Amino acid sequence: MRLHKPLLPLLCLFLPLLLSGCSVINVAYNNVDIAIRWLFDDYFDFNTRQQAQFNLDLQRVHAWHRREELPKYAMLCTETARRIEAGLKSADLDWMDNAMEARREALMHYAAGDLASVLGTMEPAQFGVMDTKFAKENAKFRKEHLDGTPETLEKKRVKKSLERIEDWVGTLESNQKERIAAMVKAFPQSAEHRYMHRATRQKMLRELLEAKLPKDKLEEGLRQWLTDWGNGRTAEHERVWVQWVKQLRQLILELDAMLTPKQRLHLTQKLHGYAKDFTVLSKR
């Protein structure tokens, strides 16, 4: 139930299918390679040779992920549903966070070598394409999270949070909405910190790729960049982040305590449905 999203398109390969509540998971997963090819080309403008290599590597990663990771996703969904059925405790949130982080890191570790093979061949003009794309995405982030009055931005945050929660549990009752809205409004504001962190991370990636390191060193650097999301945060951002996570955990526990039997059933049935989808997809 994390509400943040990663920067590089690779980080959006597979895990958001589990985290976003997508209702067309089978179609999305079976066609994810097409979307990824488009995204990477948009960021890096691959030449013919690079695109051919990237396509081969992506097929390999996709096949591995289908075979090795989707069964783990199915088990994760089933176990999460079991814990929700019993009522969530703080230890359950620890388990969920660690389980999802393990799946993310497994993907990043597996894909880093293939990424190094392609990104290590980038030419000067392609860095300009990457800079332009980063600037465009940063402007989009500012428009969505920073432009506007504090009241407008707060209303937007509350609305989005309620929509995401209702996608998981069904329609919320008025008292539930009021409590959730109050808790979301009390979250520490991190948008400016996140914007600065984005720019720092982008700079780190550009410098890593421009260094023209040997493949093994580039692979090591990419793996570290991909797995260590917090790298590049300022001390103040880290403080805000820790507090934000603490309050998010409290929101989840309070929400769980407020769920009606119908809402709890809606949530667990959705998770069991995903577990079934992941199992079917892993065997194709």
Residue-wise HN-Hα coupling along region 102-116, computed from phi with Karplus coefficients 6.51, -1.76, 1.60 (Hz; x: Gly, Pro) = 5, 5, 4, 5, 4, 5, 5, 5, 5, 8, 4, x, 5, 4, 4
Using only Cα atoms, what is the ratio of the radius of gyration of the chain to 2.2 N^0.38 Å?
-> 1.06
Using +1 on the beta carbon of Lys and Arg, -1 on that of Asp and Glu, and nothing else charged, what's the dipole of region 195-259 about the Cα centre, debye to 20?
-> 220 debye
By how many degrees, 0 to 90 and rounded to 10, does the Cα axis of helix 174-185 deviate from the longest principal axis of the chain?
-> 40 degrees
The chain, helix-only ellipticity at 222 nm - DSSP H runs n ≥ 4, -39,500 (n - 2.57), divided by all residues, nearest 500 | -26000 deg cm²/dmol
Nearest 10, in degrees from 0 to 90: the angle of helix 32-44 to the longest Cα principal axis of the chain is 60 degrees
Is the shape of region 121-180 rounded, prolate or oblate, going by the alpha carbon gyration tensor and its root eigenvalues a ≥ b ≥ c, with a/c under 1.5 for rounded and a/b larger than b/c for prolate?
-> oblate
Got a sec? How would ARG198, ARG284 order by Cβ neighbour count within 10 Å, fewest to most?
-> ARG284, ARG198
What trypsin sites (Lys or Arg not before Pro) in region 59-108 are in a loop by DSSP, with at most 14 other Cβ atoms within 10 Å of the Cβ?
-> LYS89
When only Cα pairs under 8 Å and 6 or more residues apart are kept, what is the percent relative contact order across the chain?
-> 35 percent
Count neighbours as other Cβ atoms within 10 Å of each site's Cβ, and list the GluC sites (Glu not before Pro) in region 130-182 that are DSSP loop with at most 13 such neighbours.
-> GLU173
In angstroms, what radius of gyration and Dmax does region 106-254 have, counting Cα atoms only?
-> 19.2, 58
Size of electric dipole in the chain: Cβ of Lys, Arg +1 and of Asp, Glu -1, about Cα centre, debye, nearest 20 = 440 debye
Of the listed pairs LYS156/LYS177; LYS89/LYS246; LYS140/LYS203; LYS136/LYS246, which have alpha-carbon separations greater than 21 Å here?
-> LYS136/LYS246
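Every number here is computed from the coordinates shown, using simple stated rules; none is lab data. Just so you know, these numbers come straight off a predicted model, no measurement behind them. As a convention, Cβ positions derive from the backbone with ideal geometry for all residues, glycine included, and neighbour counts pool all protein chains shown.
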